[in-house]
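A short worksheet on the structure shown next.
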Amino acid sequence: MAYKKGNSLLETRRRNRVLIKNSIFRTKNATRTGIAEELGLTLPTITTSVNEMLSEGILEEIPFAESELVNAMGRKPTAIAFKADTACAIGVELGPYATRAALLNMRGKVLALSEHSVEEDYEQMLLQIKRQAEELMQYAAGRFLGVGVGLPGFIDCENGLVRSSSRKGWAGKRLAEDLQGLLNVPVIIDNNVRIRAMGYELSLQEYKAGTFAYFFVSKGVACPIMVQDEIISGNTFGAGELGRTIIYTGKTGEDACKSVDDLASERAIFERCQEKLLEGGADGLRKILDEKGRMEFEDIMESQKKGEPDVQKIMEDVMDCLGIALANVVNLINPGFVVVDGRVMCEQRNRDRLLDTAKSKFFGLNGEEVNVFFQPYDSYWGAKGAAYYVISRLFLNC
């Protein structure tokens with residue numbers, strides 16, 4: 001009995017330490033008292049654990065800035081934070097347009113970035129990530145935790161398995177194991193949009209997220225849900241594939257059913273602009289096309305920015321569709337707030353149209369109580385989110 005009791009005490013101390021590490025990482029100006037109040041643990045418990053980590057050299061005490069002091073009388077309080085060079089991690093996003101990688105330290109600071117073109121062949125992709133990771137490792141400081149990879153599709157993160165992918169020959173591949181064999185470091189994988197949502201939650205330091213939806217628009221539309229630091233996932237390990245939900249039902253033929261992806265993804269925008277060009281419209285976009293000899297999504301965004309009427313009309317239709325899809329999510333799960341991410345949201349007119357349409361469809365108190373926040377677009381955010389994911393899985397929760 002004594003052995004079991006002792007073992008239970010060790011496990012309790014381990015769990016408390018995990019809670020304390022997560023609290024410190026997610027809190028700006030974390031204090032022993034503040035952590036105790038947040039976690040419902042005693043101040044001596046917090047002090048003992050914090051002092052251990054200070055002795056280990058992974059934490060440091062930082063004086064509050066004068067502007068942050070409420071009462072300047074007496075001894076100035078100090079905040080607790082992880083030392084920046086305690087550890088670092090690499091995140092990689094195998095996105096639809098590029099493979100991007102980022103090296104982050106324990107303060108979330110980017111130490112190095114890398115971008116390469118998309119590689120569809122699985123074996124060549126492994127070698128490409130190996131080269132990118134080795135390139136970034138030169139800038140690593142402190143303990144190197146490992147590599148996190150986010151990619152589209154249904155990903156079994158526990159077994160490091162690609163269950164389903166649009167890339168030919170990737171389904172069934174044990175990506176984590178294969179990449180770990182090449183790099184000889186820990187590798188974890190997950191769906192890229194789920195990783196974006198988890199990375200966003202981990203990066204917050206002044207606002208506790210609680211329950212929120214991460215509404216992401218790219219070649220497809222996805223909306224994973226975060227609840228108390230955990231992402232909701234069924235046994236298929238999907239990303240909340242909102243894009244596959246049917247949003248329009250016609251009478252007959254090809255228009256009988258249309259999904260959100262069919263009507264409002266980047267792919268849909270691109271196809272509609274191509275159709276408009278074939279019809280002889282979108283003169284502003286045609287000028288860009290004539291100059292470059294090809295059309296990319298950035299050209300569509302630039303054409304809208306310059307006031308091309310046909311492109312603006314397409315974007316208005318798309319934002320209306322996305323607004324309805326967003327309202328459906330909000331009305332179904334009543335999240336505390338929604339984070340909207342995507343290149344198409346760089347244009348303020350698109351943000352305004354999305355919000356106007358969504359709020360017109362919100363039911364009851366959702367219109368007043370659900371906040372919508374637009375994540376500043378960052379092409380490297382998926383890679384940064386993957387690095388945060390590694391920090392969480394291989395440091396904070398260990």
- Message: Can I get the semi-axes of the chain's equivalent ellipsoid? Compute them from the C-alpha gyration tensor as square roots of 5 times the eigenvalues, in angstrom, largest first.
- Response: 41, 26, 21
- Please give the calculated 222 nm ellipticity per residue for the chain, where each DSSP H segment of at least 4 residues contributes -39500 (n - 2.57) and the sum is spread over every residue; nearest 500 deg cm²/dmol? -14000 deg cm²/dmol
- Message: Calculate the FRET efficiency for Asp283 and Lys130 from the Cβ-Cβ distance with a Förster distance of 45 Å, rounded to the nearest 0.05.
- Response: 0.45
- Item | Given Lys292/Lys313; Lys21/Lys83; Lys109/Lys173; Lys28/Lys109; Lys83/Lys109, the pairs whose alpha carbons are separated by over 21 Å | Lys292/Lys313; Lys109/Lys173
- Query: Helix 192-203 versus the longest principal axis of the chain: what is the Cα-based angle in degrees, 0 to 90, to the nearest 10?
  - Reply: 40 degrees
- Query: Between the helical axis of 122-137 and the dominant principal axis of the chain, each derived from Cα atoms, what acute angle in degrees is found, rounded to the nearest 10?
  - Reply: 50 degrees
- Quick calc, Arg349 & Glu291: beta-carbon distance into FRET formula, R0 25 Å, rounding 0.05, result 0.55
- Taking Cα atoms, the helix 381-391 axis meets the longest principal axis of the chain at an angle in degrees (rounded to 10) of 20 degrees
- Query: Going by the alpha-carbon gyration tensor, a ≥ b ≥ c the square roots of its eigenvalues, is segment 85-239 rounded (a/c under 1.5) or, if a/c is not under 1.5, prolate (a/b greater than b/c) versus oblate?
  - Reply: oblate
- Message: Using a Gaussian network model on the chain with a 10 Å cutoff between Cα atoms, which of Arg13, Arg294, Arg286 fluctuates the most?
- Response: Arg294
- Gaussian network model of the chain, Cα springs within a sub-10 Å range: biggest mean-square fluctuation belongs to which of Met106, Met53, Met137? Met53
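Where a number appears in this text, it was derived from the coordinates with a stated rule and is not lab data. These figures come from a predicted structure and were not determined experimentally. Reconstructed Cβ throughout: ideal geometry from the backbone, glycine too, with neighbour counts over all protein chains shown.
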